[in-house]
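**Q** This is the structure I want to talk about, given as structure tokens.
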Ligand code: ME8
């Protein structure tokens, strides 16, 4: 059956009523298919995003899950927006903290890192992360890479041998000046110990002006902006040379040419981002510089001060951006080992579902701010937005189609879309060119909450439309109009499901399956009907008559008592 409205795609005498600007998929078109590629197309081609590599002295908890899920949403979003993505995560396995933890457990550091690294690898499966690589700093490829970077710093004259005498916090794996201590402890509250030993230093003090110049030339280097100000103030205050090797323990990468020293664990750890691009064999590789290092606010200094200084000294471009996110408290309390209140990602996934967990983490708090994890809030979010709003829209639409349209995509009957139809489709699809542009901007600046609330709002509009149109009444009065209304709703659902994919990939995918949307028609560019090749004033990609699978519920309600 040919969809009557589809005819309009070929009609030259009907000018499109809305301006049509292709995006997304167009980026993948070769010049022969679509003219000269724009400069921005090339710039937008690659996207490299990283999580911090996690210390294996601790089991995965909600803090790790948070960073990882945020990076995954970005990676998935960028792929759906037509970019070639590399998404890296992994484990940080050297240093005194790991050596100490192993000793306390009467096992070797190697045994410790092998067993705990597995639990972080398992977390990637649990949370449905789409990482392309999982790096471990004990891997051979990494040792070669760190040593190669070290040699470059040495060659540039920024490394010298001296003696460190000062405070060190094993928990933070960080050196502190006397003036930084608060009541004899690190500013983080970690215990410090006095360290006096031979050490190689990195001439960080010489990098103050060059770093400040780099910040000035790259105003988006650290986000949020308030965090960038903190970084700048810290650097403006003057920098001391940084101890980059240790001699009092051996669990680390040996310093080339002086095996009595192992490299400072943060030097070793930061280089992981470069190792994964193929360094040094492939130089910096096609994905360098990284587009985004996602980190918690506690480790911003390492990423925004030390790391660009190391790279600039090595003659390698620094990453384009570091985003420092906030911290979660648990039911109002600081998460800590002594309180034993850390929540394992597996526990949440088991109780609420993987997409529900992902959704809550990114929806609840503006990214960058601190947040509080409360089960009650989680259940409320899941029920009101996923189950009652989006789930209900899907359920009502799909079950009416199953019942009254012989279980296949309904026909949109001419004449053309009514103002109400148009308003909804424009909100969900066409203006989603606007919505999509807004979403791209939101995603590029990690405003996940905003991106999600836009989608939820679109679903509310669709629910208002279904109530106003009351297709159940039209069944007798005007069955053709009922079909048109259900068509518009199915199209809206398609748009909503496409946009939800980065956040809740499994549920969104199943929703698209229920709409029989082919796997290769699920990119952001497909929000506009069949993609940029088929401009239409109002998109309608779903083909009337296409058989649909029997509808099933996708967003279950969580029983309130479960929350207790
Ligand atoms: O720092 N809320 O590893 P890590 C939010 N190995 N995020 C939290 C959190 C919380 N309550 N608790 C921890 C390291 N995090 C280094 C990184 S990268 C070259 C090396 C976050 O396992 C924390 O902010 O201690 C950090 O970004 C991440 O978990 C990893 O912490």
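The values are calculated or read from the model by the stated rules, or taken from the named source; none is laboratory data. In this text the structure is predicted, and so the values were computed from the model without any measurement. Every residue, glycine among them, receives a Cβ derived from its backbone with ideal geometry; neighbour counts consider all protein chains shown.
**Q** I'd like to check something: does segment 275-296 contain any residue that is assigned to a helix (DSSP H, G or I), within 15 Å of the ligand (Cβ to nearest atom) and under 16 Å from residue 153 (Cβ atoms)?
**A** Within segment 275-296 (the criterion being assigned to a helix (DSSP H, G or I), within 15 Å of the ligand (Cβ to nearest atom) and under 16 Å from residue 153 (Cβ atoms)), the answer is yes, since at least one residue qualifies.
**Q** I need a count of the residues in segment 312-340 that are more than 9 Å from the ligand (Cβ to nearest atom), assigned to a strand (DSSP E or B) and closer than 19 Å to residue 366 by Cβ.
**A** The number of residues fulfilling the criteria is 2.
Okay, residues lined up against (1) modelled with pLDDT under 95; (2) more than 22 Å from residue 128 (Cβ to Cβ); (3) over 22 Å from the mean Cα position of the chain (by Cα):
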residue	(1), (2), (3)
476	yes, yes, yes
481	yes, yes, yes
491	yes, yes, yes
526	yes, no, no
542	yes, yes, yes
554	no, no, yes
562	yes, no, yes
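**Q** I need a count of the residues in segment 60-99 that are more than 11 Å from the ligand (Cβ to nearest atom), in contact with a helix residue (DSSP H, G or I) (Cβ under 6 Å, 6 or more places away or on another chain) and farther than 19 Å from residue 126 by Cβ.
**A** So the count comes out to 6.
**Q** Output the residues belonging to segment 256-267 that are within 14 Å of residue 151 (Cβ to Cβ) and buried (at least 24 other Cβ atoms within 10 Å of the Cβ).
**A** 263, 267, listed by residue number.
**Q** Considering only segment 39-59, state which residues are modelled with pLDDT of 95 or more, in contact with a helix residue (DSSP H, G or I) (Cβ under 6 Å, 6 or more places away or on another chain) and either more than 30 Å from residue 107 (Cα to Cα) or more than 9 Å from the ligand (Cβ to nearest atom) (or both).
**A** 47, 49, 50
**Q** Any residue that is farther than 30 Å from residue 508 by Cβ and surrounded by fewer than 20 Cβ atoms within 10 Å (Cβ to Cβ) - is there at least one of those in segment 113-121?
**A** yes
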